[in-house]
Amino acid sequence: MTDRPTPCISSRKKPKQARSAQLVTDILVAAAQVLAREGAHRFTTARVAEKAGISVGSLYQYFPNKAAILFRLQTEEWRQNSELLRGILEDSSRPPLERLREVVHAFIRSECVEAEMRIALNDAAPLYRDAPEAREQRVSGTRAVQVFMREALPNASEEKRALAGDVIMMSLNTVGKRISEQKRTEQEVDAYAGAMADMFCAYLRQL
């Protein structure tokens with residue numbers, strides 16, 4: 001049995017001029033709109049090119065296939081969320097548990113605001129999930145949590161810190177996904193986030 005080949009998800013070339021950079025931006029904006037409207041299963045490069053008002057050939061100058069476009073959208077989401085959460089976690093002027101509470105609220109709100117796009121990207125994940133670039137993104141996303149855990153649990157062992165970080169992030173991802181699967185009011189979102197923050201803070205205190 002042969003291994004299933006992973007798709008090429010790297011961009012063909014980096015835009016060097018302002019006009020080229022704008023074209024890539026237009027392609028990604030169009031791609032997000034097509035994905036939101038059509039879903040992952042009807043997402044095609046032809047539809048993206050039509051929405052962007054360019055030829056498929058022009059699109060292929062920068063993205064070799066639809067998996068590359070979807071992965072770029074996914075990495076942009078990862079980057080924005082990582083920067084938001086890392087900025088909160090690394091603010092050493094505030095107590096660790098205060099930062100943890102803010103991270104929980106920010107994460108849950110983000111999950112709900114971007115729910116439709118995230119569901120569509122999750123549906124498309126098999127197109128790029130096993131690619132090396134995707135694995136690199138997952139590994140890099142744990143670093144800020146590891147640093148935070150050393151500060152929040154200075155007297156705990158590395159094993160306990162690692163476990164605590166995994167428990168918190170896996171719980172956030174799982175519950176955030178479930179909460180965002182249906183429309184909720186801001187008050188409901190804040191209530192869920194507050195309850196999760198209380199649980200995480202109690203958990204870290206007892207460690």
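The values are calculated or read from the model by the stated rules, or taken from the named source; none is laboratory data. Here the structure is a predicted model, which is why all the values come from computation and not from measurement. Because the Cβ atoms are built from the backbone with ideal geometry, glycine has one as well, and the counts that use them run over all protein chains shown. Surface areas here come from the heavy atoms of the whole protein model, side chains and all, with no ligands, DNA or RNA. Shrake-Rupley method; radii C 1.70, N 1.55, O 1.52, S 1.80 Å.
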Any chance Leu100 is under 18 Å from Leu23 (Cβ atoms) and either loosely packed, with under 14 Cβ neighbours inside 10 Å or in contact (Cβ under 8 Å) with a residue 24 or more places away in the chain (or both): no
Filtered residue count, the range 37-59, keeping only those that are open to solvent by 40 Å² or more (accessible area, probe 1.4 Å) and either more than 18 Å from Ala21 (Cα to Cα) or under 25 Å from the mean Cα position of the chain (by Cα) (or both): 9
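Here are Ala164, Ala191: which of them is of a type in the set (A, V, I, L, M), at pLDDT 90 or above and either touching a strand residue (DSSP E or B) at 6+ places or on another chain (Cβ under 6 Å) or more than 23 Å from Arg86 (Cβ to Cβ) (or both)? I'd like the intermediate steps shown before the answer.
Working: Ala164 fails: either touching a strand residue (DSSP E or B) at 6+ places or on another chain (Cβ under 6 Å) or more than 23 Å from Arg86 (Cβ to Cβ) (or both).
Among Ala164, Ala191, only Ala191 is of a type in the set (A, V, I, L, M), at pLDDT 90 or above and either touching a strand residue (DSSP E or B) at 6+ places or on another chain (Cβ under 6 Å) or more than 23 Å from Arg86 (Cβ to Cβ) (or both).
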The range 167-180 residues that are without any contact (Cβ under 8 Å) to a residue 60 or more places away in the chain and over 17 Å from Cys201 (Cα atoms), paired with ones that are surrounded by 15 or more Cβ atoms within 10 Å (Cβ to Cβ) and not aliphatic (A, V, I, L, M) (beta carbon under 8 Å, 6 or more apart): none
Listing of helices (runs of 4 or more DSSP H) fully contained in the range 40-119 that carry 2 or more residues being under 30 Å from Glu186 (Cα atoms): 66-89, 96-113
Answer residue from the range 145-199, given it is open to solvent by less than 90 Å² (accessible area, probe 1.4 Å) and among the basic types (Lys, Arg) and is farthest from the chain's Cα centre (by Cα) among those: Arg161
